[in-house]
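> Handing you this structure, nothing more for now.
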Amino acid sequence: MQLKNIGYFLICLLLFSCSQLEKAEELISGLSEKEQYIKDNGFSDEIFELWKSRVTQALNDSLEIELPYREIGELKPRNFAIYSYSTYLIPGERIEAQIITDSSNTLIFSELYKKTSSENPSFERIKTGAPKNRSLAFEIREKGLYKLVIQPEIEANTPFQIIIKKSPTYLFPVLNGENSDIGSYWGDIRDGGRRNHEGIDIFAERGTPVVAPTSGRVGFTGEKGLGGKQVWLRDSKRNQSLYYAHLDSIVPGINRVNPGDTLGFVGNSGNARTTPPHLHFGIYKRNEGAIDPLGFVYLTEEPDLTELPEQQISSRLKVNSSTANFRNKPASNNSSIIKKGKQGEMLSVQGKTADWFHVRDSLDRSMYVHESLVQPVH
């Protein structure tokens, strides 16, 4: 019996060692998740290069979206579909992308890029998503134009939903407050132009609780200067301090706090005595000074996730009007015309968002066209 146990132990040790060696080989080889996927599935170099080259096409596409965004469609094997969407984001916002498929085994690769500068059209990759979870999330630190690239695995064969949204990093700092309560923004003129507003003012009834929007340590409470009764809360995770000013009163003895804990109550102390009660909320980043806090707390819409109607989306469309405007956004207003299509022009379908089709033309350009301008090809 003892020899049997020893043998069993040696087999387990051998299996564990092989597993560890395989992991070590992957680390040493430095394979990306995409390269590892190709290796595991035995695709030829030609197939891999074709699939990989689609990212270059996606980075050259010019689609723009407003968040939240939702698109539905169907993935086909070796269709080499790729999706890219640009949107403008500011510090404090968190972008999240989730691709929902009928198959739990389908891998979806996602990458987030940031435009390097206003003069340079190139994009730099800053985040890679989780292929098995079909998701990506990232907290924005710099304002700018961001591009999300979504690429299904080569043999993907499933209906899908793409859901992209943004949300504030922090809780709203006034209990039950809304965006409409913000009455003054970053950069507004103060003291006849002698200074600019370094925060936002959130108006509420006197005595409304002001809360910690994140966990942290209270560094100072008291009354001094223009801010009157104030609280300073340290957010060590982001290396910044949150400033609450013009309070009516402060909760005594606060030190370590969690999101939602009450710090004090809305008032108009300090230099706000002639104004209605409000909270001045500011953020100061170490070595940078004051930064615009709006993106950290501005409440955003949730995507509409109501049940989808049963519908078949054709993989091919053709223009059924004498002319058709193909746009960079799924909207007639505030969008640019990429090109004008002609009656009978054939299009391949990427997906659909509301009453707009996401299509590619014969030159592989990604565009939106209104459903009234096209018809399915059976």
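> What does the accessible area of Phe109 come to, in Å² to the nearest 10, when a probe of 1.4 Å is used?
Accessible surface of Phe109 is approximately 10 Å².
> Give me the percent relative contact order of the stretch 19-177, please, defined on Cα pairs under 8 angstrom at least 6 residues apart.
31
> Anything in the chain that counts as a DSSP H helix reaching 24 Å or more along its axis (C-alpha) with Kyte-Doolittle mean of at least 0.0? List them, would you?
2-29
> Tell me, what is the percent relative contact order of the chain, built from C-alpha pairs under 8 Å that lie six or more residues apart?
So the answer I get is 14 percent.
> Now for a separate question. Quick check: the distance between the Cα centres of the stretch 50-87 and the stretch 354-378, to the nearest angstrom?
A separation of 14 Å, based on Cα centres.
> What number, in percent, do you get for the relative contact order of the stretch 252-378 if the mean sequence gap of Cα pairs under 8 Å and at least 6 apart is divided by its residue count?
Relative contact order comes out at 19 percent.
> Here's another thing I want to ask about it. What is the distance in Å between the Cα centres of the stretch 271-349 and the stretch 95-164?
When both Cα centres are located, 16 Å separates them.
> Under a point spin-label approximation (7 Å from Cα along Cα-to-Cβ), what is the Glu178-Thr274 distance to one decimal in nm?
Once both label points are built, they end up 3.1 nm from each other.
> Using θ = phi - 60° and the Karplus relation 6.51 cos²θ - 1.76 cosθ + 1.60, list the HN-Hα couplings for the stretch 356-366 in order, rounded to whole Hz, with x at every Gly or Pro.
Going residue by residue, I get 10, 8, 9, 10, 10, 9, 5, 9, 6, 7, 8 Hz, with x marking Gly and Pro.
> Related question: Set the Förster distance to 30 Å, then compute FRET efficiency between Glu124 and His197 from the Cβ-Cβ distance, nearest 0.05.
About 0.40, to the nearest 0.05.
> If you don't mind, there's one more thing I want to ask. Could you give me the ³J(HN,Hα) list for the stretch 109-121, computed from phi with Karplus coefficients 6.51, -1.76, 1.60 and θ = phi - 60°, whole Hz, x at Gly and Pro?
After applying 6.51 cos²θ - 1.76 cosθ + 1.60, I find 8, 9, 9, 10, 10, 10, 5, 5, 6, 5, 7, 9, x Hz.
> Continuing with this model, one more query. Starting from a Cα-only point model with no solvent, please compute log10 I(q)/I(0) by Debye for the stretch 324-363 at q = 0.34 1/Å.
Log10 I(q)/I(0), no solvent term: -1.33.
> Now, a different point. Just grab the label-to-label distance for Glu302 and Val377, each label 7 Å out from Cα along the Cβ direction, in nm (one decimal).
Taking the simple label geometry, Glu302 and Val377 are separated by 4.1 nm.
> Counting each DSSP H run of 4 or more residues in the chain as -39500 (n - 2.57), what helix-only mean residue ellipticity at 222 nm follows after dividing by all residues, to the nearest 500 deg cm²/dmol?
Value at 222 nm, helices only, nearest 500: -5000 deg cm²/dmol.
> Would you kindly state how much longer the chain becomes between Arg316 and Asn157 on full extension, computed as 0.36 nm times their sequence separation minus their alpha carbon distance, in nm to one decimal?
Length difference between fully extended and current span is 55.6 nm.
> With no solvent and one point on each alpha carbon, what is the Debye value of log10 I(q)/I(0) for the chain at q = 0.10 Å⁻¹?
-0.81
The values are calculated or read from the model by the stated rules, or taken from the named source; none is laboratory data. Please read these numbers as outputs of a predicted model, since none were measured by experiment. Using ideal geometry, Cβ is built from the backbone for each residue, glycine included, and neighbour counts are taken over all protein chains shown. With ligands, DNA and RNA removed, areas are computed over all heavy atoms of the protein, side chains included. Shrake-Rupley method; radii C 1.70, N 1.55, O 1.52, S 1.80 Å.
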